[in-house]
1. Compare A:Ser7, B:Ser299, A:Ser114 by solvent-accessible area with a 1.4 Å probe and give them largest first, with all protein chains kept in place.
2. Can you give me the % of accessible surface on the protein assembly as shown that is carbon or sulfur? Probe 1.4 Å, all protein chains present, nothing else counted.
3. Between B:Gln555 and B:Asp374, what's the calculated FRET efficiency when r is the beta-carbon distance and R0 is 30 Å? Round to 0.05.
4. Among rounded, prolate and oblate, which fits the range B:2-97 when a ≥ b ≥ c are the square roots of the eigenvalues of its C-alpha gyration tensor, a/c under 1.5 means rounded, and a/b larger than b/c means prolate?
5. Quick one: ranking B:Thr439, B:Thr69 by accessible area, 1.4 Å probe, largest first, what do you get?
6. Just to confirm a number: summing +1 for Lys and Arg and -1 for Asp and Glu over residues other than B:Glu410 whose beta-carbon lies under 10 angstrom from that of B:Glu410, what do you get?
7. What are the lysines whose alpha-carbon lies under 16 Å from the alpha-carbon of B:Lys580, with same-chain residues fewer than 8 places away excluded?
8. Name the shape class, rounded, prolate or oblate, that the alpha-carbon gyration tensor gives for the range A:8-67, where a ≥ b ≥ c are the square roots of its eigenvalues, rounded holds for a/c under 1.5, and otherwise prolate holds if a/b is larger than b/c and oblate otherwise.
Amino acid sequence: MAKIKLSERKIQELKEVCKSFNNEKGELINVLHKAQGLFGYLPAEVQEVIAKELNVSVAHVYGVVTFYSFFTMVPKGEHPISICLGTACYVRGAEKVLEEFKRILNVQVGETTSDGKFSLSCLRCVGACGLAPVVMVGEKVYGRVSPDGVKDIVAEYRS
Amino acid sequence: MIKLTIDGKQVEVEKDITILKAAKTVGIDIPTLCYFELRDMNIENRPGGCRICVVEIKGRRNLAPACSTKVENGIEVNTHNIRVLNARRTVLELILSDHPAECLTCAKNGNCELQSMAQQLGVRELPYQGEQSTYRKDTSPAIIRDIDKCIMCRRCEMMCNEVQTVGALSAINRGFMAVVAPAFEMNLEKSSCTYCGQCVSVCPTGALTEVDHSRNVINALADPAKTVVVQTAPAVRAALGEEFGLEPGTLVTGKMVAALRRLGFDYVFDTDFAADLTIMEEGSELLDRLSRYLKGDKSVKLPILTSCCPGWVNFFEHNFPEMRDIPSTAKSPQQMFGPIAKEYFGKKLGIDRKNMIVVSIMPCLAKKYECQRDEFKVNGDPDVNFSLSTRELAHLIKASNIDFNSLPEEEFDNPLGESTGASVIFGTTGGVIEAACRTAYELYTGKKLEKVDFMELRGFENIRHATIDFDGLPINIGIAHGLGNARKLLEDIKDGKSEFHAIEIMACPGGCIGGGGQPYHFGDSEILKKRAAAVYQEDAGKTIRKSHENPFIIQLYKEFLGKPLGEKSHHLLHTKYFDKSASVFVEE
């Protein structure tokens, strides 16, 4: 498992998050939400700190992290790429677009490229079905993406 | 009161109870699988997850799980109509579709609740063939996790978290991928597991079992170059008979000794002897700390905590390392026995310690880990080589064609087989501290203790306290069994709120009689009570009931050890504790 050593300052920030929820056990999910916002993901060390602050077992925290698909223990890339696999996008070839992203970036869904630049995930509908198939990079939306257009999108962020 | 009918019978019960319990009051035994209860100990698991206990409530669209549905006025419950029976069978068939059909070679064969349920519901074929979830097998020094056999009843999770507050196990992932595992799916050995084994004692299937060391013992017994010595813990004799169909609470001390002799052990000794020794050391330590405290020595820490229980030692090393100078430094009886057998008894007979194998029979799984600890080895040779559970001993006896019930009653060998009533009660909650009081009272006051039974220290309440009069000096005693209860007492000490002079802690509910290595009790707390009664019965029947009066203990100090807390004792009979709280998840 990838391991990191958090800086004292980051740990302090995390403790502040816990404190803002009065270190209450019942607030675990909210704390995890904020923590993921803070770090971009939830590495083991972060979960350990949260467990200690909220006085619950690390196993329990890990249980919650693995239960909800929103939480991730893998760091997101600098440019998170999301492919919409909702019905409209799917029927207009989103799967082929996804395959092309996987091929070009050489990662699977849920993974991050080794240089940390890109991570790949899927989502269900961003409410822009008229533009199907839709791809998001960070906050930016790309419409009517074809497999051929994938390399241009990636190139935009590579430079 | 609530009035309802169950299978046509009028039932009147208090509100807030479940249909399952209401049915029991009129002799209707609804089958359950994930549900688990240990009455009088506040231990209950009812996640309503397995759906075996479903019943029909007239007028409701869906069947309801009886274990987690409360009674209501006027409802009509049916527990065995065709709809219920079909649903129950389908539920079981679906559970079995994701369970390895390995009953023949499974460690739980014959003790498996899933197997019994298949038998009870008459399942004769497995109609569903679907995907099977697989997971790696995890072997720790004491416990094996074979998660392929897990049915997600989550009893182990309840025991580990709610009862023991150890928090080593949790349900992780979701749906078909869900398993019960330590944090980050680490192996149990890397987690905060104490090896108390309570997860094993409640697991309905073979998903959690002990590491079986029987083969090692058989090999040692077959080796003519080895002198094989066995020691048996007090709680074993109060439960072993259950494995041979005897009533719970039947004392089988004599038959157990006879069986061990027939198995080929060269010397059949008693951990009780070492328990008497523990009292000499631990009791002296208590008096030493107490008298220094009373003289105003500010460096003395009170309360003193017992240290006989290896699950408890693991617990405070993981969770309260900053308080590890409070427990007594006395080793547990198992680990006192080892060096006495190898360094005293063995040397007397001219046997090199490398040629002596010490086996312990324990009601406990943490003892397996304890005897493997590095500090209990001399040049790599463990003081105690192998620790078998009560269950493993029963298997060994059966496999060796010994008809246990027809065995004569035999006596332990001397000198390490002689013990007092005080040592026998080590096997139950409250027993260690009662034994300590019997000796400490006489050593402190110099007077004879007329009434050796301290009834105020006995019982099954989670946390008990009593004040014992040491001839004008009131001694406050605390007792906790179950690690969750121990945690409460520890937190009081941490907060400076504790007024106890001495505290006894045992990791398992009920003490060693309820240990993780004992015959399965299947949630029947009466069995634990009967085992405790048996232990007290053995104590009452002994002529010598105070540890310091054991003639062989007196001889041991005279010949070998010198005096309690002396230099030799310090070297052989005392230990130190470690800080195990450090994160195992983050590399330095």
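The values are calculated or read from the model by the stated rules, or taken from the named source; none is laboratory data. Source: prediction; values computed, not measured. Counting neighbours? That spans all protein chains shown, and the Cβs are built from the backbone with ideal geometry, glycine included. The area values use the complete protein model at the heavy-atom level, side chains included, leaving out ligands, DNA and RNA. Shrake-Rupley method; radii C 1.70, N 1.55, O 1.52, S 1.80 Å.
1. Working: A:Ser7 55, B:Ser299 85, A:Ser114 135 Å².
Sorted descending by solvent-accessible area, the residues read A:Ser114, B:Ser299, A:Ser7.
2. Values: 15990 of 32130 Å².
For the protein assembly as shown, the apolar C and S fraction of the accessible surface comes to 50 percent.
3. 0.45
4. oblate
5. These residues rank, largest area first, as B:Thr69, B:Thr439.
6. So the surrounding residues net to 0.
7. Correct list for B:Lys580: A:Lys52, B:Lys190.
8. rounded
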